[in-house]
1. Among the residues of the stretch 189-200, is any in the same structural domain as W108 (by TED's automatic domain parsing), more than 22 Å from G110 (Cβ to Cβ) and exposed (fewer than 11 other Cβ atoms within 10 Å of the Cβ)?
2. Against the definition (modelled with pLDDT of 90 or more and under 29 Å from the mean Cα position of the chain (by Cα)), how does F137 come out, yes or no?
3. Looking only at residues that are surrounded by 14 or more Cβ atoms within 10 Å (Cβ to Cβ) and touching a residue at least 40 places away in the same chain (Cβ under 8 Å) in the stretch 201-224, which one is farthest from S132 (Cα to Cα)?
4. Looking only at residues that are in contact with a Phe, Trp or Tyr (Cβ under 8 Å, 6 or more places away or on another chain) and at pLDDT 90 or above in the stretch 150-176, which one is surrounded by the most Cβ atoms within 10 Å (Cβ to Cβ)?
5. Could you list, in sequence order, all residues of the stretch 129-145 that are free of Cβ contacts under 8 Å to residues at least 12 places away in the same chain and over 17 Å from P185 (Cα atoms)?
6. Run down V38, V84 and say which single residue is of a type in the set (V, I, T), at pLDDT 80 or above and touching a strand residue (DSSP E or B) at 6+ places or on another chain (Cβ under 9 Å).
7. Just to check your reading of the model, which residue among G168, G151, G143, G195 is part of a loop (DSSP other than H, G, I, E, B) and not aromatic (F, W, Y)?
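The values are calculated or read from the model by the stated rules, or taken from the named source; none is laboratory data. Note that the structure is a prediction, hence the values are computed from the model and not measured. For neighbour counting, all protein chains shown are included, and Cβ atoms are generated from backbone atoms with ideal geometry for every residue, glycine included.
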Amino acid sequence: MPRDPNADNRLFTLEELMSGRFFRFVVIVALLLLAAYVAEPYITRLMFAQTTPRPIEARGNLSDAEGSIIALFERVSPSVVQVVGRQAGGNLFNDEEEGLQSGTGFVWNGAGNIVTNYHVISGTNEVVVRLSSGDVFAADIVGTAPNYDLGVVRLRKPRQLPPAIAIGSSADLKVGQFAFAVGNPFGLDQSLTFGVISALRRRLPTKSGHQISNVIQTDAAVNL
């Protein structure tokens, strides 16, 4: 059978045509995929995002228990102070300063006596007290009871002190009563934790070998 001399030309033209269409097809698909990738966040936001903000519901009334705890904290916290002792040199309110001892104290009376822990003032040659108002006073150590980890310092120039914290008797305490701890952890704003009285008349050994009797045990976290 005689061969058509234009057959090769027609075949070449067809392959070239198919190759060109395929390339354009690939380019179009790639562009569509790229467009979909770029537009996906906007489409998702448009179709699925909630454009209307959720309404803020008013807080309900506080329970009687919550109201009592809040009133207790607001009454007591102004009388809770920070006590800082320094062993030698440095900035008394620099948390990174070596030789500093910081802890919580509370106003005992209008004469400027502050009750704190003995380990806060032990071995120090300078003590200052920072009130909840931010006022800072130099203080002198006037009494210690190392076996009970208690110490008393007195402000040198007390003025406009918050009221002394009310004190009560532990003789009528019952296991299961609420126990609250108000402290001044690390010189920050006062904290409040609470738990229950979990045991009475416990004995507590100390590092000195002395045992403290009639200890009240609670499960309240102490952030002091």
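1. Yes, there is a match, as at least one residue in the stretch 189-200 is in the same structural domain as W108 (by TED's automatic domain parsing), more than 22 Å from G110 (Cβ to Cβ) and exposed (fewer than 11 other Cβ atoms within 10 Å of the Cβ).
2. In short, yes.
3. Per the criteria, the residue is I216.
4. Among residues in the stretch 150-176 that are in contact with a Phe, Trp or Tyr (Cβ under 8 Å, 6 or more places away or on another chain) and at pLDDT 90 or above, the one surrounded by the most Cβ atoms within 10 Å (Cβ to Cβ) is G151.
5. If the condition is that a residue be free of Cβ contacts under 8 Å to residues at least 12 places away in the same chain and over 17 Å from P185 (Cα atoms), then G143 is the only one that fits.
6. V84
7. Going through G168, G151, G143, G195 in turn, just one is part of a loop (DSSP other than H, G, I, E, B) and not aromatic (F, W, Y): G168.
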